[in-house]
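Undergrad: The structure that follows is given in the form of C-alpha cells.
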Ligand SMILES: Cc1cc2nc3c(=O)[nH]c(=O)nc-3n(C[C@H](O)[C@H](O)[C@H](O)COP(=O)(O)O)c2cc1C
C-alpha cells in the first residue's frame with residue numbers, strides 16, 4: 001500500500017519549500033539546475049536504493065496492460081525529461097560517451113524514483129536544440145511552454161551510452177525516436193528513423209516499447225506535415241516491419257490536427273499494427289518573450305485540447321473496433337485531470353509538467369488521490 005502519510009509529507013515539503021525555491025528563478029534556470037542534480041544523483045550508488053524506497057512508498061503496484069506493455073502503474077514519465085544533452089555532431093557525442101560523461105542525465109535515478117520513463121526523443125543525428133531561453137512556466141494555469149527544439153545526443157551516442165549501462169537500466173522503459181526535423185524527403189526520413197532504431201537494436205537494447213514521435217512543434221518543421229496519411233503509413237509500416245515482434249510501436253501525435261485527420265490516422269495506425277497512440281504532444285503557441293516565435297504549451301493550457309483529441313480517437317476506436325490503445329498525455333496533474341482521460345476509457349497516461357508543479361512523486365500523489373477522493 002502506498003504510504004499516504006509519506007506522500008502527504010512529501011507533497012507539503014515540495015509545495016512549501018522546494019517549489020518556492022525552484023520558482024524563485026526562471027524556468028530555464030530551474031531546468032538547468034535539475035539536470036545538474038540528476039547528473040549528480042546518477043553517480044550516487046548509495047542513493048539508488050533510497051530512490052527505490054521512495055518510489056515503493058509512493059506508488060502502489062497497480063498493473064495495467066497498455067499498448068502491448070505490462071506496466072506496474074498507469075502513469076509514465078513522458079518523453080523530454082530524460083532525453084540527454086545536445087551535441088553539434090556525432091563524433092563529439094560519441095567522444096563524450098568514451099570519456100565516460102553522463103550524456104543522458106536522469107537515466108539511472110529517474111526510473112528508480114518515478115517508475116516507467118520514456119527516454120528521448122532521440123533523432124538520427126545529434127542536435128544542439130534552440131539557443132537562449134527555451135523554457136517558461138505559467139503558474140496560474142499550471143502550464144509549461146518550451147522550444148527546446150529536440151536537443152539530444154543523437155541515436156547512435158544515446159544507444160552506445162545506454163549499452164554501457166545496460167545492467168543498470170530499468171526492466172520497463174520506452175525509447176522515443178523523433179523524425180529528423182528539416183527532412184522533407186520521405187525516403188530519407190524513413191531511412192533516418194530506421195537507422196536511429198538500428199543503433200538501439202544492434203546494441204541489443206530491448207526497450208519495452210518504441211515511440212515514434214511525428215509531432216514535435218519546436219523545430220524548423222511544421223509537425224502536421226509529418227502526419228499526413230501517406231507519410232505516417234509509410235513510416236509506421238517500415239518501423240513495425242523492422243522492430244522485433246516483442247517491441248510494440250507507439251506513435252505520438254499533435255493536439256492541433258484537423259478532426260478528420262485523427263480519424264484517418266487511427267485507420268492508418270490500426271492497419272499498420274501500431275499498438276498505442278500517445279495523445280498528445282505540446283501545442284504550438286507564441287512564446288512570452290517573442291510573439292513571432294512559437295513554443296509548445298503543456299500542462300493546464302493543453303489539457304482540454306488533449307482530452308478532446310483522446311475522445312475523438314476513442315470514438316474512432318470503438319466505431320471501427322480497432323484494438324490499439326490510447327494513452328493520455330496533456331495536463332495530467334491530479335485526480336480530476338487523470339479522470340478526464342480515464343472516463344473516456346484511457347488505461348494509462350503520461351505526464352511531464354506535473355513534475356514541476358507537484359514534485360518528483362507526482363505519479364504516486366495522483367493515483368492516491370484517484371483511489372481515495
Ligand atoms: C521541456 C519539454 C521538453 C519536451 N521534449 C519532448 C521530446 O523530446 N519528445 C517528445 O515526444 N515530447 C517532448 N515533450 C512533450 C511531453 O512529452 C508531453 O507530451 C507534453 O509536455 C504534455 O504533457 P504534460 O502536459 O504532462 O506536460 C517535452 C515537453 C517539455 C515540457
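Undergrad: For the stretch 4-372, give me the percentage of DSSP beta bridges that are antiparallel, rounded to the nearest 5 percent. Don't skip to the end; give the middle numbers.
TA: Details: 16 of 44 bridges.
Of all bridge pairs located within the stretch 4-372, approximately 35 percent are antiparallel.
Undergrad: For a quick check, take a GNM of the chain with Cα springs below 10 Å and name the residue from 164, 194, 71 with the largest mean-square fluctuation.
TA: Highest fluctuation of the listed residues: 164.
Undergrad: Something else now. Considering only C-alpha atoms, what is the centroid distance from the stretch 164-201 to the stretch 91-146, in Å?
TA: 15
Undergrad: Then there's this: Once you have the Cα-Cα distance between residue 164 and residue 98, take 0.36 nm times their residue separation minus that, and quote the gain in nm to one decimal.
TA: Separation in residues times 0.36 nm, less the Cα-Cα distance, equals 22.8 nm.
Undergrad: Mean shadow of the stretch 167-307, computed from the convex hull of its alpha carbons, in nm²? Provide the component values of the computation, followed by the final result.
TA: Working: hull surface 39.0 nm².
Value for the stretch 167-307: 9.8 nm².
Undergrad: While we're here: Please report the spacing between the Cα centers of the stretch 235-267 and the stretch 307-373 in Å, no decimals.
TA: Here the answer is 19 Å between Cα centres.
Undergrad: Fewest Cβ neighbours within 10 Å first, please rank 236, 216, 62 accordingly.
TA: With the sparsest Cβ surroundings first, the list reads 62, 236, 216.
Undergrad: Using only DSSP helix segments of four residues or longer, with each worth -39500 (n - 2.57), what per-residue ellipticity at 222 nm results for the chain after dividing by its residue count and rounding to 500?
TA: -13500 deg cm²/dmol
Undergrad: Determine the gain in length on full extension of the stretch residue 33-residue 88; use 0.36 nm per residue of separation and subtract their C-alpha separation, reporting nm with one decimal.
TA: Gain in length upon complete extension: 17.6 nm.
Undergrad: I'd like to know how the stretch 94-179 sits against the 2.2 N^0.38 Å rule of thumb: what's its Cα Rg over that expected value?
TA: Working: Rg = 14.4 Å, N = 86, 2.2 N^0.38 = 12.0 Å.
Relative to the 2.2 N^0.38 Å estimate, the stretch 94-179 comes out at 1.21.
Undergrad: Would you calculate the separation in nanometres between label points at residue 187 and residue 290, each defined as 7 Å from the Cα along the Cα-to-beta-carbon direction?
TA: Label-label distance for residue 187 and residue 290, simple model: 3.6 nm.
Undergrad: Share of Cα-Cα pairs in the stretch 234-295 beyond 20 Å, in percent?
TA: In whole percent, the long-distance tail amounts to 42.
Undergrad: What nm value, rounded to one decimal, do you get for the distance between residue 271 and residue 304 when each label is placed 7 Å out toward the C-beta?
TA: Each label point lies 7 Å from its Cα, and together they span 3.5 nm.
Undergrad: Work out the FRET efficiency for residue 62 and residue 8 from their Cβ-Cβ distance, taking R0 = 22 Å, and round it to the nearest 0.05. Walk me through the numbers before you get to the answer.
TA: Values: r = 19 Å, r/R0 = 0.87.
The value I calculate is 0.70.
Undergrad: Right, another one. Considering only 49, 25, 174, give the residue with the highest GNM mean-square fluctuation for the chain, with springs between Cα atoms whenever their separation is below 10 Å.
TA: Maximum fluctuation in the GNM of the chain, among the listed residues, is at 25.
Undergrad: Pick from 282, 337, 141: which is most flexible by mean-square fluctuation in a GNM of the chain where alpha carbon atoms under 10 Å apart are linked?
TA: Answer for the Gaussian network model of the chain: 141.
Undergrad: If you average the alpha carbon positions of the stretch 1-38 and of the stretch 48-74, how far apart do those two centres end up, in angstrom?
TA: 20
Undergrad: Further, regarding this structure: How fast does the chain diffuse by Stokes-Einstein, in µm²/s, taking the Kirkwood radius from C-alpha pairs at 4 °C and 1.567 mPa s?
TA: 63
Undergrad: Along Cα→Cβ, 7 Å out, is where each label goes; now give me the distance between the ones at residue 26 and residue 139 in nm to one decimal.
TA: The modelled label-to-label distance comes out at 1.7 nm.
Throughout, read-outs are computed from the coordinates displayed, never taken from laboratory work. Note that this is a predicted model, so its numbers are computed, not measured. Neighbour counts are summed over all protein chains in view; Cβ atoms, including those assigned to glycine, are modelled from backbone coordinates with ideal geometry.
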